Structures are given as C-alpha cells and as structure tokens.
1. Inside segment 47-60, can you point out the residues that are in contact (Cβ under 8 Å) with a residue 24 or more places away in the chain, part of a loop (DSSP other than H, G, I, E, B) and surrounded by fewer than 17 Cβ atoms within 10 Å (Cβ to Cβ)?
2. Any residue in segment 149-162 that is closer than 17 Å to S179 by Cα and charged (D, E, K, R) sitting within a Cβ distance under 6 Å of a residue that is surrounded by 20 or more Cβ atoms within 10 Å (Cβ to Cβ) and modelled with pLDDT of 95 or more? List the pairs, counting only those 6 or more apart or interchain.
3. Can you tell me how many residues in segment 61-92 are in a helix (DSSP H, G or I) and either acidic (D, E) or in contact with a Pro (Cβ under 7 Å, 6 or more places away or on another chain) (or both)?
4. Take D40 and decide whether it is modelled with pLDDT under 95 and over 23 Å from C182 (Cβ atoms).
5. Kindly provide the set of residues from segment 76-95 that are farther than 21 Å from F18 by Cβ and touching a helix residue (DSSP H, G or I) at 6+ places or on another chain (Cβ under 8 Å), ordered by number.
6. Here is a list of conditions, (1) part of a loop (DSSP other than H, G, I, E, B); (2) hydroxyl-bearing (S, T, Y); (3) over 24 Å from Q25 (Cβ atoms), and T188 meets all of them except one; can you say which number that is?
7. Among the residues of segment 180-200 satisfying the criterion of being of a type in the set (S, T, Y) and surrounded by 15 or more Cβ atoms within 10 Å (Cβ to Cβ), which is farthest from the chain's Cα centre (by Cα)?
8. Residue pairs, Cβ under 6 Å, 6 or more apart or interchain, first in segment 72-94 and in contact (Cβ under 8 Å) with a residue 60 or more places away in the chain, second aliphatic (A, V, I, L, M) and in a loop (DSSP other than H, G, I, E, B). List them.
Amino acid sequence: MNNYTLLTGAVGGLGQAFVFELLKQNKSLLLVSTKQEKLDNFIKKYKEIFQNKNIKTFVCDLSKKEQITNLINFIKQEKITVNTLINNAGVIIEGDLENFSDEQIENAIMVNCIGTLDLTKNIIKIRDKNQKLEVLTVASVASRYPIPHMGVYSATKAFLLSMMLSLSYEYSKKDISFSTVCPGGMATTQEMKDSIKSMGIGGKLSTLSTEKVAKIALKGLKRGKRVITPGFFNKFLVFLGKLVPITFQAKQAGNIYKKSQIKRGLYKK
C-alpha cells in the first residue's frame, strides 16, 4: 500500500527528530517545508541515512491557502494515502502585542491555527476510510495557561490543544485518532537556548531534547493518548495549574517571561 506519514515543519529541530524516529520504523515520508532548498539540503546532509528510503518532499507555506490546496492535489496525483499526519510546523513570536506588526500576528495565527486546521480537514476528507488515520499535533506546555508578554503564541497553541481534543471525540467512532503533544522548551536554536537559560532552573527543568520529545510523542500517538505532556516537570506544571486560579497562573507566567525578555534585551516598555 502507498501509505505515508505527512510531516510539516520537517527540517526544524523537532521535525528532524521526528524524521529519524519515523525512519527507524521504516515509514514512507512526505516531508513538507516552506522552501525546497531547505528540504534538499536536509536530504543531502543525511543522504546515507535516507538512501533506499521512500521519501517525497513538497513545498508548502501553511499561511497560504493556495499552497495547502497544491499539497492536497499533489497527494491525490501521486495516489498517496496519508495514514499519519504530524502537524509540526509552527511560528513562535514573543513580546507585547503593540510591538508586533499586523503581518507578524496574522502569520502566527495563519500557520499555527488556520493553516494547520485547514490541512487537517483536507487530509480527513481525502483519507482512505478503510484505514485508520492518526493525527499528531505539536502544541506546547504554553497552551495550558495564558502567558503575558507571549500571549499570541500561547493563545494559538491553546487553540490547537482545544481544537484537536474536540476532534478526538468528534471522530472517535470513525477510526481517526487525534493526539496533541505539549512539550516545554527545546534547545533547537541559539535564541531558544538563550530563552531557556534566561528562565533559570525552571527553564532547565522544563527542557527536553528534540529526540526525546519525538520518541514520547510517537509512543503516545500509538497508544491513542489524546494529550501528551513530555517531562515530569511539565506534568507537574500542568497539575499545579489545576489547583490555582487562571488569573494567578497568568500573573506568575507573565512575571517569568517579562524577566526572561529583560535579560535578553527583548522587553520594550
């Protein structure tokens, strides 16, 4: 059968970790990124690993609806059956609302929310109804509480968690499973490393490697877990959030992120 795992954000830090884990499982992959050059360089860099593996690539920016349509048409033309969709592509923006341009805000919402949901809807529509479809979406532990000074990002991830959890029950009798993974920090770029370091012990405790997050996420997907929270400290934060008012959570999270941004010279009064 022509079964594939479709992975968006395939060349980012977590995306690459997903690729290597999926290849260990001998999965056929449809890797999606915003630029062909990024995909080509990724394949070239690990050509020995990718040799003799069934891998296809496609360029798609989830902020552009016409590109999602092109991706769906490509899947139909190639007679690909997507039996696993991993919604990994995402945009991180942090800071106070007035400091973002309209384009930055719209791009984050389009990629993290609208584009991801649009792709998911279309994959559901063209699925092989004789096979199970698994959908794994990457949210964030930031989806579990509001974060002042990072409100746009935390809100878009909260949308994903709520939406995918709703869909998991909506389609529970149609052989479609939905899992959402909510990781903490991952040191994928220098900016992320600086961010984690600026948060002190809390940032360090909430951080896991991309390899570990990918393994935990895929394991949770296979087990049919609706919400996956990698790491003991992140689980503790989620538990703690159930005990205190959401207003208190917002205040404390805002203080932490404000101090972090001041340390990194990002906070603008």
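1. From segment 47-60, those in contact (Cβ under 8 Å) with a residue 24 or more places away in the chain are 49-50, 53-60; that's our starting set.
Adding the requirement that they be part of a loop (DSSP other than H, G, I, E, B) leaves 53-54, 60.
If the condition is that a residue be in contact (Cβ under 8 Å) with a residue 24 or more places away in the chain, part of a loop (DSSP other than H, G, I, E, B) and surrounded by fewer than 17 Cβ atoms within 10 Å (Cβ to Cβ), then K53, N54 are the ones that fit.
2. Hits for this filter: K157/A139.
3. Narrowing segment 61-92 to residues in a helix (DSSP H, G or I): 65-77.
Applying the additional criterion that residues be either acidic (D, E) or in contact with a Pro (Cβ under 7 Å, 6 or more places away or on another chain) (or both) yields 66.
Here the count works out to 1.
4. Against the criterion (modelled with pLDDT under 95 and over 23 Å from C182 (Cβ atoms)), D40 qualifies.
5. I93, E94, G95
6. In the conditions (1) part of a loop (DSSP other than H, G, I, E, B); (2) hydroxyl-bearing (S, T, Y); (3) over 24 Å from Q25 (Cβ atoms), T188 misses (3) alone.
7. S198
8. If the second residue must be aliphatic (A, V, I, L, M) and in a loop (DSSP other than H, G, I, E, B), the pairs left are A89/L62; E94/M150.
The values are calculated or read from the model by the stated rules, or taken from the named source; none is laboratory data. Remember, it's a predicted structure, so these values are computed and weren't measured experimentally. Please note: Cβ atoms are built from the backbone with ideal geometry, for glycine as well, and neighbour counts cover all protein chains shown.
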